[in-house]
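Here is the structure we will look at, set down as structure tokens.
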Amino acid sequence: MSLGKNTVHARKQKSLAKCHTMTQAPAAEFRTPASHHAMQTPVLVLNASYEPINICGARRALVLVLKGVAKTEEEHDAILHAARVLMPLPSVIRLLEYRRIPHQTRALSRKNILLRDRNTCQYCGVVLTAGELTLDHVIPRSRGGLSTWENLVACCHPCNRRKGNQLLGELTDMKLLREPRPFSLHTSRHIMRMIGHSDQKWRKYLYY
């Protein structure tokens, strides 16, 4: 039985909506142990207008290409081998339908706070992996602080313990490296450049 046009369109829109998240959806076609590391490779996602809109993992990029939601614009040299298909590893993909994406309304999440702060403790400046960092409420929750872009920062565990339940005005040896702000187009582009600095194929899309 063939699917109605509305159903097909709805499914395509659902896939498009997921493209600007960092989530990697499972892809049954590529589960070989040898390709596991390659599946984590970052891929630049372009809108249909060639505007860079996000980064996703190679696994998610391949799902979008296989579903006909996106096409590969640039490729890595690596070839992914699976039981029924051989595919070059994408470096840049482009959506086939234009998506209006509000850059300033990224979801408030731990992952996005760490991305905004570039995995850097906002008190001492040390750069750590995501697993070695925590989030700190600049104004502690117990003192009325909210979980907002302006009140959450990446923080190492020693600084988090040292600050404790205090306000920065009560401390003489701790201050923020920069004022925490919501994601902006500038922030998003900077993150794309930072992640893709080693891939020459990204440069012409990121306006270096």
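Tabulated data
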quantity: Flag if residue 92 is modelled with pLDDT of 90 or more, surrounded by 13 or more Cβ atoms within 10 Å (Cβ to Cβ) and not in a strand (DSSP E or B); calculated: no
quantity: Every residue from the stretch 32-48 that is surrounded by fewer than 16 Cβ atoms within 10 Å (Cβ to Cβ) and at pLDDT below 60; calculated: 32, 33, 34
quantity: Number of the condition not met by residue 111 [criteria: (1) within 13 Å of the chain's Cα centre (by Cα); (2) free of Cβ contacts under 8 Å to residues at least 12 places away in the same chain]; calculated: (2)
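The values are calculated or read from the model by the stated rules, or taken from the named source; none is laboratory data. This structure is a prediction, so every number in the text was calculated from the model and none was measured. Here Cβ is always computed from backbone atoms with ideal geometry, including for glycine, and neighbour counts include all displayed protein chains.
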